[in-house]
Amino acid sequence: MSIAPVTQIKVGLDFGSGSIDVGRLALRERTIYFEYEPEFLSRGLNISPLHLPLKPELQQFDNKLFEGLPSAFNDSLPDGWGRLLFDRAMRAQGILPQELSPLDRLAYTGRTGMGALTYEPDFTSDVTAPDINLDHLAQQAHAVLQGQSDDVLEGLLALNGSSAGARPKALIGFDEKHNRIVHGASTLPKNYAPWLVKFANAQDGIDAGATEYVYALMAREAGIDMMPCHLFDAQNGAGYFATKRSDRDGTARLHTHTACGLLHSDFRTPSLDYQDLLALTHHLTRDMREVEKMFRIAAFNVLAHNRDDHTKNFTFLMDANGSWRVSPAYDLTFSSGPSGEQSTMVMGEGKAPSLTHLQALGKEAGLAKPKILSVINQTQTALSHWESLAKTHGVRAANIRLIKNRMGAVQ
């Protein structure tokens with residue numbers, strides 16, 4: 001089987017009231033070009049302020065980090081689990097992943113991507129489904145990770161949308177009042193809100209969902225901006241972690257851009273410092289309250305031993321007026337980074353960032369000393385509830401002890 005290669009993509013931006021034309025992408029001799037629509041330029045909405053300037057001429061991209069795509073559009077593409085699903089589905093149709101260009105992949109993202117960007121042509125299928133069985137989905141995801149069950153790829157791919165990360169995920173609609181879930185990649189029925197649910201990967205234990213849920217509870221107590229979360233019952237294990245999507249507000253959509261995309265910082269080879277993130281936050285938002293939000297996330301990650309804090313785990317949201325803010329925090333859980341170090345350093349320290357490093361970070365960002373100490377104390381108080389919360393929600397005793405010891409190691 002073969003497909004006709006996509007050589008042009010029409011890019012749109014839909015904040016929930018209909019798509020507006022942004023511009024066009026074109027592929028010529030393995031080089032990607034982009035040109036804004038003149039009408040969009042007059043709006044003054046800068047979807048990628050650092051690396052996609054608002055100018056009328058044709059722009060050329062050869063950034064190998066994003067396969068030649070402008071980073072704002074690369075953020076629309078799935079990675080990890082989502083890319084695995086897509087590549088496996090293409091192979092099942094006789095198409096090698098190497099035969100697909102980034103524009104082909106954007107066409108299969110269409111209107112279902114995270115954030116507000118849309119792409120035409122749109123090759124996504126409009127899959128609808130009745131109530132979803134999470135245990136069944138978890139079994140299907142496990143089979144795919146084991147290299148089996150190609151017959152379930154299309155359904156899982158539709159449920160994944162363009163969500164990123166290594167762990168299997170599904171986009172669902174959740175009716176919290178009646179505890180019901182449905183397929184959530186497209187239009188949702190009344191009373192259902194867009195959520196995302198995670199399943200374990202090959203390296204996770206059976207209590208991975210419960211661990212992330214407890215981390216979310218502690219993060220909220222630490223004053224971190226978090227979306228509502230839920231721990232769904234599981235036939236095997238302590239449950240499936242789910243969170244409400246931050247890029248949707250009812251029918252409204254928000255433009256999303258990761259720190260990876262904004263800064264052109266490769267999340268696979270960590271080199272970022274929280275100094276960079278705090279400086280980026282101030283540059284985008286011009287709001288010290290947003291800088292404080294990012295500092296709270298930094299303090300939590302360091303003190304809670306979340307060392308997989310790479311650049312795709314920080315996102316900024318832009319509304320229809322062009323205003324930027326820090327996204328609610330996500331992917332907060334116990335984890336190790338490269339060689340056991342923090343993926344994002346703190347004042348140059350990755351192996352053993354300390355309270356002294358955190359205080360220096362806050363001072364460098366312009367936060368007052370009382371605020372810095374208050375954030376650290378509030379975080380420490382929230383983390384002190386780890387043991388009791390973990391027992392309540394089914395985290396294994398061995399993991400409770402391990403995580404408690406690692407949390408207590410930061411001095």
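Per-structure values
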read-out: Three-way shape label, region 1-120, alpha-carbon gyration tensor, a/c 1.5; value: prolate
read-out: Helix-only mean residue ellipticity at 222 nm for the chain, each DSSP H run of n ≥ 4 adding -39500 (n - 2.57), per residue, nearest 500; value: -10000 deg cm²/dmol
read-out: Pairs beyond 18 Å (Cα-Cα), from LYS293/LYS404; LYS169/LYS312; LYS312/LYS351; LYS293/LYS351; value: LYS293/LYS404; LYS312/LYS351; LYS293/LYS351
read-out: Farthest toward positive dipole pole in the chain [+1 Lys/Arg, -1 Asp/Glu at C-beta], among LEU231, LEU134, ALA200; value: LEU231
read-out: At most 13 other Cβ within 10 Å, DSSP loop - trypsin sites (Lys or Arg not before Pro), region 197-278; value: ARG268
read-out: Between region 167-234 and region 56-111, the alpha-carbon center distance in angstrom; value: 26 Å
read-out: DSSP-assigned coil residues among trypsin sites (Lys or Arg not before Pro) in region 321-366, each with at most 15 further Cβ atoms within 10 Å; value: LYS351
read-out: Sequence-separation-based contact order of the chain, relative, with Cα cut under 8 Å and 6+ spacing, percent; value: 14 percent
read-out: Probe 1.4 Å, protein heavy atoms only - accessible area per residue of the chain in square angstrom; value: 45 Å²
read-out: Only Lys, Arg (+1) and Asp, Glu (-1) charged, at Cβ; region 167-219 dipole about Cα centre in debye; value: 220 debye
read-out: In order through region 401-411: 3J(HN,Hα) via Karplus (6.51 cos²θ - 1.76 cosθ + 1.60), integer Hz, x for Gly, Pro; value: 5, 4, 5, 4, 5, 5, 4, x, 7, 7, 10
read-out: Cβ-placed point charges (K, R +1; D, E -1), dipole of the chain about Cα centre in debye, nearest 20; value: 1000 debye
read-out: MET407, MET347, ranked by accessible area, largest first (probe 1.4 Å); value: MET347, MET407
read-out: Residue among ALA320, ALA166, ALA398 with the largest mean-square fluctuation in a Gaussian network model of the chain, springs linking Cα atoms under 10 Å; value: ALA398
read-out: Magnitude of the charge dipole, region 273-411, Cβ model with Lys/Arg +1 and Asp/Glu -1, debye to 20; value: 460 debye
read-out: Percent accessible area from carbon and sulfur atoms, the chain, protein chains only, probe 1.4 Å; value: 48 percent
read-out: Cut-off under 5 Å, modelled amide H: who pairs with GLY80 long-range; value: GLY165
read-out: Most to least packed among 8-14, 254-260 [average Cβ atoms within 10 Å]; value: 254-260, 8-14
read-out: Max mean-square fluctuation residue, GNM over the chain, Cα-Cα springs under 10 Å, options PRO56, PRO102, PRO370; value: PRO370
read-out: Longest DSSP-loop-exposure-free segment, GluC sites (Glu not before Pro), the chain, at most 10 other Cβ within 10 Å; value: 58-411
read-out: Trypsin sites (Lys or Arg not before Pro) within region 58-142: DSSP coil, no more than 12 neighbouring Cβ in 10 Å; value: none
read-out: Whole-Å distance, taken between Cα centres, linking region 304-355 and region 238-283; value: 8 Å
read-out: Residue-by-residue Karplus 3J(HN,Hα) for region 199-204, coefficients 6.51, -1.76, 1.60, Hz, glycine and proline x; value: 10, 6, 9, 5, 8, 6
read-out: All aspartates and glutamates inside 17 Å of LYS10 as judged from Cα atoms, apart from same-chain residues fewer than 8 positions distant; value: ASP21, GLU35, GLU37, GLU39, GLU57, ASP75, ASP104, GLU120, ASP122
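The values are calculated or read from the model by the stated rules, or taken from the named source; none is laboratory data. Source: prediction; values computed, not measured. So basically every Cβ, Gly included, is an ideal-geometry build from the backbone, and we count neighbours across all protein chains shown. To get the accessible areas, we keep the full protein, side chains included, count just its heavy atoms, and leave off ligands, DNA and RNA. Shrake-Rupley method; radii C 1.70, N 1.55, O 1.52, S 1.80 Å.
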